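Below: one structure, written as C-alpha cells.
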Amino acid sequence: MFTTDAIRWTQHLKNYARTNRKKPTEGEDHLWQELRNQKLGIRFRRQHAIQKFIVDFVCLEAWLIIEVDGSIHDEAGQVEYDDGRTHDLQEAGFLVLRFANEDVLHNTPQVLQTIKEHLKTLLPTYSR
C-alpha cells in the first residue's frame with residue numbers, strides 16, 4: 001500500500017526513514033521489539049511514510065499510527081507542530097496514538113494493552 005507519492009518518497013523521505021530505522025530512540029527500539037514479527041498478531045511497519053510525514057509505527061490494516069515521543073515533544077513549538085501533524089493524519093483516516101518514551105520503557109504492558117484495545121475497536125476480527 002502506497003501512502004505517499006513516489007517523488008516525495010525518493011527525493012525527501014526515503015533517506016530520512018532509513019536513518020531513523022538505523023538509529024531509533026531507546027523508546028522506539030523497545031516498542032519495536034514488542035511489535036515486530038507480528039507479535040501482536042498483526043503487521044506493523046516502522047518509520048513509514050504517510051503523505052509528507054514519517055510515522056514511528058503504523059498498522060496499515062487497522063489504520064493505526066503509534067508515535068513515541070521524547071522530551072522534545074514537550075516544547076511549545078513542537079507541541080503545535082505535533083498537533084497539526086496529528087490532525088493531518090487523522091484527516092487522512094488514521095487514528096494516532098502517542099506514548100511518552102518513559103511510558104514505553106517503564107509501563108510496557110500498559111502501552112501494549114492500550115494498543116490491543118484500539119486494534120480490537122478498529123478491527124472487529126482482531127482477537128489478541
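Since every read-out is calculated from the coordinates, none of them should be taken as a lab result. Worth saying up front: this structure is predicted, and the values here are computed from it rather than measured. Heads up, the Cβs are rebuilt from the backbone with ideal geometry, glycines too, and the neighbour counts pull from every protein chain shown.
Full extension of the chain between Thr19 and Leu97 yields a length gain of 25.8 nm, computed as 0.36 nm times the residue separation minus the alpha carbon distance. Judged by the gyration tensor of its Cα atoms, with axes a ≥ b ≥ c, segment 78-128 is oblate; a/c meets the 1.5 cut and b/c is at least as large as a/b. Neighbour counts of C-beta atoms inside 10 Å place Arg85, Arg43 in the sequence Arg43, Arg85, starting with the fewest.
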